[in-house]
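> Handing you this structure, nothing more for now.
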Amino acid sequence: MAGASGPVRRADRQRLAHRRPHHALLVENYLAAEASLGGPGVDEIRWPYPVRPGDTLRVRATVVESRRSLSKPDRGIIKTLAETANQDGRTVIRCTAINFPRVRPAPGA
């Protein structure tokens, strides 16, 4: 994997370590495919403790901010803190992400 960037190498090691990367756990279980309109990405990501082969991981997502888009009223903007812990309860990955979900029409619209 010569020439690959640091995040690519880390993500590859993460996949090899437990076959289910953090973002896959979050994406598959947080926002329904019918509601998600994507997002601009991750604002911040940290690996405070290593993920080891055989670890069992649990992801917790906390919405820290949500609002309706001013320019596109059919969608909202959600800022989420996602934390992944191993079987010992140690946080192994922490990230803040932005997502654009579909929203119901505003009352009176």
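> For labels at residue 65 and residue 79 in the simple 7 Å Cα→Cβ model, what's the distance in nm?
With each label placed 7 Å out from Cα toward Cβ, I get 0.2 nm.
> What order, most packed first, do the peptides 53-63, 94-104 have when packing is the mean number of other Cβ atoms within 10 Å of each residue?
94-104, 53-63
> So what's the gap between the Cα centers of the range 87-109 and the range 41-69, to the nearest angstrom?
10 Å
Rule-based calculations on the coordinates, nothing more; no lab input. These figures come from a predicted structure and were not determined experimentally. Note that we place each Cβ from the backbone using ideal geometry, even for glycine, and neighbour counts take in every protein chain shown.
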